Amino acid sequence: MNQFVAEWNTWRDSRNSSLATPFGWLSVVGLHWLDEETTWADAPGTFTVTDDGWVRLALEPGTKAGPAAATFDLLNAPATGGGADSTASGGSASGGDTADDNDRADGGTARTDDTAGRLGEDGRPATPSPQVRVEDNGFSAKLPAGGSLDWFTVGHVLYELIDRGGRIGVRIRDAKSPLLSKFVEVPVFDPNPDFVFLGRFTPYAEPQVRPIASAAEGVDLTTTAVGEVTFTGPDGEVTLVASGCPATGLQLDFHDATNGDATAAWRTLDLGIPNADGSLVVDFNRAVNYPFAFSAFATCPAPVAENVVPFPVTAGERRPPFFYSEAGINVPFLFYVWWDAPSAEVTRPWYARFGLDMTVLNPNEDAVDQSLVGFDGVAMSGGDLTPLSRKARSRLVKVATDALTSRLPVIGMGAFTHFVVTAQRELREAQGHAEATPEPPTPTPARVPIVMNSELDPKSVGLDVVHTDATGLIYAEADMTLPLESSFSEIAEFEAALAAKAPIGSWEEFDFRVVTMVRRHR
């Protein structure tokens, strides 16, 4: 068991390190699909797609750009397939300036980390062969179907050319991406040998090209299914379709019952090379997220329809709380609640609308300890402690303690203020403070008590602060008789009421103020 955990920790460290690279998946900040002629507000120039599939960038005057490393390698590789035998020097290009016109260079490799695998005639993955040129004031490139190319750089920004389902796009990778700078690690389930199975790979007589969906709306892909992997799960035999290549490594893309809650919509697992008799190990502890779990600008392949694991795979990587989209980096917040169902149905959509990416958990039902890595804070709300199990109460105290120790915002509401106060008291005792932690103020009748740490500034958003104690806890209250929904329909109306320091007129307005307070802290 010790060796199993040690090897898993080594694998996990390697996985986190691979993500934390300057132009890795956490650096992706945009994706633009190209028409015949395309530009956008911060584009380095104008992109033109010709009838024969070449994409040309004409740089804006004064824009300094250079070929990325992959393009530079292609420029300096001997031409093949009828191209010139000479090599081309890869300098830089700038809008308005003159650069050497380099000959086309074929060969090289392309980025393939979010494409469906394709096989060559020898049964091994086919190597895409982009073609590249340096123009007088820009660059040109042509991709094979499904290919990708790290094309050129402008400062700390890399522009990647991709072909997905017949659509050509430019993906932007920024070495100073806020998501990359925020990254520490991907949350995971604890390693569990119960999710390690001995399986067997049975190859198909011929690889099968199968249509699949992707993480990008309107982009359909294909994958090459090369055989089936069979193993005995908790409830009997499980058969899943494998892609990749038996000679270089198999891969399983799969759904399971944890998707959309504890995990992303699907995950993937590298199986390695099967033994000569087809045996292999299926270790779901090493299941990882595809890039779409981190970024809205990924085009990852979905599993084939039948790849649904018939038991919850509470192993491997969990759904990361951090995410980048057109709105920028999200504000992930963890919320433990004990609500009645009608209130939850109404209020849960508010948080996304107001700018929080809320992970909502029930302290009794969601029994897995949730790491706070990647979250910008934690809240807990409930009107009664009676329904909570002893383990649930301990879990909430631990979550509050972790937040206080990490100086993350933490908010307790209603009866759940108890967990924040208890965590602060136990934390101070553990730190050796001689003075006793003050008792919280007695709640005012018909008002909901709220407690938070000093990382937050409730007065700045008009919350009714009633007390601040010597430990740094801030106590506020809200009118219990407020209507649930606001008369406001537009975000601008909520903002105007806050700017005017108007009283809070509904619980919807209260939630807007709380979200604003959290976002200001961030």
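The values are calculated or read from the model by the stated rules, or taken from the named source; none is laboratory data. Everything numeric here is computed off the predicted structure, so don't read it as measured data. Cβ atoms come from the backbone with ideal geometry, glycine included; neighbour counts cover every protein chain shown.
To keep it simple, each residue is scored yes or no on (1) exposed (fewer than 14 other Cβ atoms within 10 Å of the Cβ); (2) out of contact with any Phe, Trp or Tyr (no Cβ under 8 Å at 6 or more places or on another chain); (3) small (Gly, Ala, Ser).
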| position | (1), (2), (3) |
| --- | --- |
| Trp8 | no, yes, no |
| Asp13 | yes, yes, no |
| Thr21 | yes, yes, no |
| Gly24 | no, yes, yes |
| Pro44 | no, no, no |
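Scoring Pro301 on the criteria (1) under 13 Å from the mean Cα position of the chain (by Cα); (2) crowded, with 22+ Cβ neighbours inside 10 Å; (3) not hydrophobic (A, V, I, L, M, F, W, C) leaves a single failure, condition (1). Taking the stretch 37-54 as the range and being without any contact (Cβ under 8 Å) to a residue 60 or more places away in the chain and either aliphatic (A, V, I, L, M) or assigned by TED's automatic domain parsing to the domain that holds Val282 (or both) as the test, the residues that pass are Ala41, Ala43. Within the stretch 178-224, the only residue that satisfies the criterion of being touching a Pro at 6+ places or on another chain (Cβ under 7 Å) and small (Gly, Ala, Ser) is Ser214. I need a count of the residues in the stretch 499-515 that are out of contact with any Pro (no Cβ under 6 Å at 6 or more places or on another chain) and either assigned to a loop (DSSP other than H, G, I, E, B) or over 17 Å from Tyr351 (Cα atoms) (or both). Looking only at that region, the number is 7. Scoring Pro274 on the criteria (1) in contact with a His (Cβ under 8 Å, 6 or more places away or on another chain); (2) buried (at least 22 other Cβ atoms within 10 Å of the Cβ) leaves a single failure, condition (1).
With the structure loaded, tell me whether Ala205 is outside the structural domain of Ile162 (by TED's automatic domain parsing), hydrophobic (A, V, I, L, M, F, W, C), free of Cβ contacts under 8 Å to residues at least 40 places away in the same chain and part of a strand (DSSP E or B) or whether it fails that test. If you could, list the steps in order and put the result at the bottom.
Details: outside the structural domain of Ile162 (by TED's automatic domain parsing): yes; hydrophobic (A, V, I, L, M, F, W, C): yes; free of Cβ contacts under 8 Å to residues at least 40 places away in the same chain: yes; part of a strand (DSSP E or B): yes.
In short, yes.
Would you say Thr347 is out of contact with any strand residue (DSSP E or B) (no Cβ under 7 Å at 6 or more places or on another chain), modelled with pLDDT of 90 or more and polar (S, T, N, Q)?
Numbers: out of contact with any strand residue (DSSP E or B) (no Cβ under 7 Å at 6 or more places or on another chain): yes; modelled with pLDDT of 90 or more: no; polar (S, T, N, Q): yes.
Judged against the criteria, Thr347 is not a match.
Scanning the stretch 178-189 for any residue that is in a strand (DSSP E or B) and more than 29 Å from Phe284 (Cβ to Cβ) turns up nothing. Scanning the stretch 429-447 for residues that are polar (S, T, N, Q) and surrounded by 12 or more Cβ atoms within 10 Å (Cβ to Cβ) yields Thr437, Thr444.
Among residues of the stretch 277-292 being outside any strand (DSSP E or B) and not acidic (Asp, Glu), the one that is surrounded by the fewest Cβ atoms within 10 Å (Cβ to Cβ) is Gly278. Which of the residues belonging to the stretch 424-446 are aliphatic (A, V, I, L, M), part of a loop (DSSP other than H, G, I, E, B) and either on the phi > 0 side of the Ramachandran plot or at pLDDT 90 or above (or both)? Across the stretch 424-446, the qualifying residue is only Ala446. One residue alone among Phe47, Phe23 is farther than 30 Å from Val281 by Cβ and either at pLDDT below 95 or in a helix (DSSP H, G or I) (or both), and that residue is Phe23. Checked against the criteria, Ser454 does not count as polar (S, T, N, Q), within 36 Å of the chain's Cα centre (by Cα) and buried (at least 19 other Cβ atoms within 10 Å of the Cβ).
Can you spot a residue in the stretch 306-329 that is in a strand (DSSP E or B) and either without any contact (Cβ under 8 Å) to a residue 12 or more places away in the chain or over 23 Å from Glu217 (Cβ atoms) (or both)?
Yes, the stretch 306-329 contains a residue that is in a strand (DSSP E or B) and either without any contact (Cβ under 8 Å) to a residue 12 or more places away in the chain or over 23 Å from Glu217 (Cβ atoms) (or both).
Among all residues of the stretch 109-124, there is at least one that is over 27 Å from Arg12 (Cα atoms), among the basic types (Lys, Arg) and either at pLDDT below 90 or within 25 Å of the chain's Cα centre (by Cα) (or both).
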